[in-house]
1. How big is the gap, in Å, between the Cα center of the range 105-149 and the Cα center of the range 52-92?
2. Can you tell me, using C-alpha contacts under 8 Å and at least 6 residues apart, the relative contact order of the chain as a whole percent?
3. Quick one: Karplus J couplings for the range 122-127, per residue in order, coefficients 6.51, -1.76, 1.60, θ = phi - 60°, nearest Hz, x for Gly and Pro?
4. Expressed in nm to one decimal, what extension gain is obtained for the pair Ala145 and Val125 from 0.36 nm per residue of sequence separation less their Cα-Cα distance?
5. Counting only the backbone N, which residues of the range 112-151 are under 14 Å from the spot 7 Å out from the Cα of Glu28 toward its beta-carbon?
6. Quick check of the Kirkwood formula: for the chain, what is the inverse mean of 1/r over all pairs of different Cα atoms, in Å?
7. Under a Cβ-only charge scheme (Lys and Arg +1, Asp and Glu -1), can you give me the dipole magnitude of the chain about the Cα centre, in debye to the nearest 20?
8. Taking the square root of 5 times each eigenvalue of the Cα gyration tensor, what semi-axes in Å does the equivalent ellipsoid of the range 1-43 have, largest first?
Amino acid sequence: MNRIWLFGDDIDTDQIIPGRYSPYMTSEDNLATYAFIERRPDFALNVRPGDVIVAGKNFGCGSSREYAPRALAKCGIAAIIAPSFARIFFRNAVNIGLPLFEADLTGSVVDGQAALVDLNRAELVCEHGAIGLPQPPAFVAEIQAEGGIVAYVQRYRHFPGESDG
């Protein structure tokens, strides 16, 4: 089973990955190496594909660094659960297909707790049972299911909600 990485409120994109580690300064392949390098140096060393981030409000605030959600996706994060996300972070995550759920679970889980996200059922499954998560809007779910906006448009040749006519 995977685990939960618990964070507080107002985790900004500089905490997720400082600007000096941008793919323009290092490389796209190394993004995962620098995730939370200053905020939580153990993160990049110990995160595993399928792990889940549970955080407080305003996750991803700060600059519009599109590589912040990419760094987390490259780490294999299965989903991020927070009561609110910064608008641009939310958009960038949706664009790459990184699942986000708007829910406040910070008082319901513990850092390091064994858990996994069931995306099909929109549940966080822990040793004490399943916690239901709010379904994202239909257009967001469609984009996430395809793996991001580029894959979605390549498959359907239009944007969610857009008519074919």
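The numbers here are math on the coordinates, done by the rules we state, and not lab data. These numbers were taken from a predicted model, which means no experiment stands behind them. Neighbour counts run over all protein chains shown; Cβ positions are idealised from the backbone, glycine included.
1. 14 Å
2. For the chain, the relative contact order is 22 percent.
3. Rounded to whole hertz, the list is 6, 9, 9, 9, 10, 5.
4. Computed gain between Ala145 and Val125 is 5.2 nm.
5. 150-151
6. One decimal place: 16.1 Å for the Kirkwood radius.
7. Magnitude of the dipole: close to 260 debye.
8. 20, 14, 8
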